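> Take this structure first; my questions come after.
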Amino acid sequence: MKLVIQIPCLNEEATLPVTLADLPKLLPGVDTIEILVIDDGSTDRTGEVARAHGVHRVLRFPSRRGLARGFDAGLREALAMGADIIVNTDADNQYQGADIGKLVEPILTHRADMVVGTRPIDSIAHFSPLKKLLQRLGSGVVRGLANTDVPDATSGFRAYSREAALRLTVLTGFTYTLETLIQASQKNITLAHVPIRVNGKLRESRLFSGMGSYILRSLGTMMRVTLLYQPLRFFLTLAAVFATGALALFARFLELYFTTPGPTGHVQSLTLAGVLAIIATLFVALGVLADLIAMNRLLLEEIVVNTRLQRLDAERPAKDRP
């Protein structure tokens, strides 16, 4: 049983040694632990520091691609390293390495294929009250979209089985945390969550420039992923909104028509109701078409998974192939 711990990095020469020193060297049920660093176009000595501290593999991008792309590339590289379990952690030592054993335990006992580490949000000193509130609200929205009970949707401290890593593909470019949760629910990947501890803050977040930017980009990611994986639900919801408006205006027209003597002159309500009804019908048609396209995408994803399996098998030594 091989565990690969992947660490996406961007200019982390100062914090990476602390993170690496905190990682476990041995775990029950795990035969081998290897470290993979994804260097996202760093302009400092991140790669050199990683190698000097005994990291087994450094995957370097010539220019910055973003956290989501780095995470996805890390999954592919970890699988090529022969990983049976992949743990993702941050390079700023936000999460305690000693909790990796808790993360992988549900996978080792075959109770889950993806495990999310739940931070004690309310007790994190460097989180402002606003950030704590937004974390709870955002996680609640993701739980509704993903139909899961994971309380900390934005936690990057996660473990993946080989099967889960093969089936997940990050399509958005901002952050993988929200997308992979929604994907997992759509691909029948068994989810679990465990409580974890956090360390003190070593640096400010580099994922976003401000809370407003983070909220807008997260909402955009959630909307895009929902449209990708639940298109019929998305368009039918929009259709229901416009259909409700059309019915309300039509009911108003009928009420005025039968209660107002003489020429009513309220055809505006009837006209607007007709326009809203047409829009609702178009959204229903779009939903059906998008759902058919989504079915084709599922078939393509199966082809991608099989292609990955064939490539990984081809790269294995002949004696290790099934």
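The values are calculated or read from the model by the stated rules, or taken from the named source; none is laboratory data. Only a predicted model underlies this, so the values are computations on that prediction, with no experimental measurement involved. Quick reminder, even Gly has a Cβ in these numbers, built from the backbone with ideal geometry, and neighbours come from all protein chains shown. All accessible areas refer to the heavy atoms of the entire protein, side chains included, with ligands and DNA or RNA removed. Shrake-Rupley method; radii C 1.70, N 1.55, O 1.52, S 1.80 Å.
> Starting from the Cα gyration tensor of the stretch 1-116, take the square roots of the eigenvalues, sort them a ≥ b ≥ c, and report rounded, prolate or oblate (rounded when a/c is under 1.5, otherwise prolate if a/b is larger than b/c, else oblate).
Prolate.
> Note down the magnitude of the dipole of the chain about its Cα centre, charges +1 on Lys and Arg C-beta and -1 on Asp and Glu C-beta and zero elsewhere, to the nearest 20 debye.
I would put it at about 180 debye.
> Still on this structure, I have one more. Most fluctuating residue of F253, F235, F127 in a GNM of the chain with Cα springs under 10 Å: which is it?
Of the options given, F253 has the highest mean-square fluctuation.
> Could you derive backbone 3J(HN,Hα) for the stretch 177-194 from the dihedral phi with the Karplus parameters 6.51, -1.76 and 1.60 (θ = phi - 60°), listing whole Hz in sequence and x where the residue is Gly or Pro?
4, 6, 5, 5, 5, 5, 4, 4, 5, 7, 9, 6, 8, 5, 9, 8, 9, 9
> Once both labels are modelled 7 Å past Cα along the beta-carbon direction, what's the V141-T190 spacing in nm?
A separation of 3.1 nm, rounded to one decimal place.
> Angle, helix 231-259 long axis vs. longest principal axis of the chain, Cα atoms, 0 to 90°, nearest 10?
20
> Using the alpha-carbon atoms, what tilt in degrees (0 to 90, nearest 10) does helix 129-146 show relative to the longest principal axis of the chain?
80
> What do you get for the angle between helix 211-229 and the principal long axis of the chain? Use alpha-carbon atoms, 0 to 90 degrees, nearest ten.
80
> Further, regarding this structure: Among T259, T271, T118, determine the one that fluctuates most according to a GNM of the chain built with springs between C-alpha atoms less than 10 Å apart.
T259
> If you bin every alpha carbon distance in the stretch 49-205 into 10 Å steps from zero, what whole percent lands in each bin?
10, 39, 39, 12, 0
> Report, in deg cm²/dmol and to the nearest 500, the calculated mean residue ellipticity at 222 nm for the chain, where each DSSP H run with n ≥ 4 adds -39500 (n - 2.57) and the sum is divided by the residue count.
Per the formula, -17500 deg cm²/dmol.
> Can you compute 3J(HN,Hα) from phi for each residue in the stretch 102-111, using the Karplus curve 6.51 cos²θ - 1.76 cosθ + 1.60 with θ = phi - 60°, rounded to whole Hz and x for Gly and Pro?
Calculated HN-Hα couplings, in order: 5, 5, 7, 4, x, 6, 4, 8, 6, 9 Hz.
> Enter the Cα centre distance for the pair the stretch 1-47 and the stretch 85-132, rounded to the nearest angstrom.
That distance is 15 Å.
> Something else about it: Build a GNM of the chain with springs between Cα atoms under 10 Å: which of L79, L256, L219 gets the top mean-square fluctuation?
Among L79, L256, L219, the largest GNM mean-square fluctuation belongs to L256.
> Using a 1.4 Å probe, what is the accessible area per residue for the chain, in Å²?
Here the per-residue accessible area is 50 Å².
> Would you kindly calculate the translational diffusion coefficient of the stretch 60-104, applying Stokes-Einstein with the Kirkwood radius from alpha carbon pairs, for 4 °C and a viscosity of 1.567 mPa s, and quote it in µm² s⁻¹ without decimals?
Stokes-Einstein gives a translational diffusion coefficient of 107 µm²/s.
> Can you compute 3J(HN,Hα) from phi for each residue in the stretch 44-61, using the Karplus curve 6.51 cos²θ - 1.76 cosθ + 1.60 with θ = phi - 60°, rounded to whole Hz and x for Gly and Pro?
10, 9, 3, x, 5, 5, 4, 5, 5, 9, x, 4, 6, 8, 10, 9, 10, 9
> Under a point spin-label approximation (7 Å from Cα along Cα-to-Cβ), what is the R311-T43 distance to one decimal in nm?
The answer from the label model is 3.1 nm.
> Starting from the eigenvalues of the Cα gyration tensor, five times each then square-rooted, give me the equivalent ellipsoid semi-axes of the chain, largest first, whole Å.
Rounded to whole Å, the semi-axes are 46, 23, 17.
> Which length gain, in nm to one decimal place, applies between T271 and L256 when the Cα-Cα distance is subtracted from 0.36 nm times their residue separation?
Answer, rounded to one decimal: 4.0 nm.
> A further question follows. Take the solvent-accessible surface of the protein heavy atoms, probe 1.4 Å, and return the percent of it on the chain that carbon and sulfur atoms account for.
Accessible surface attributable to carbon and sulfur in the chain totals 62 percent.
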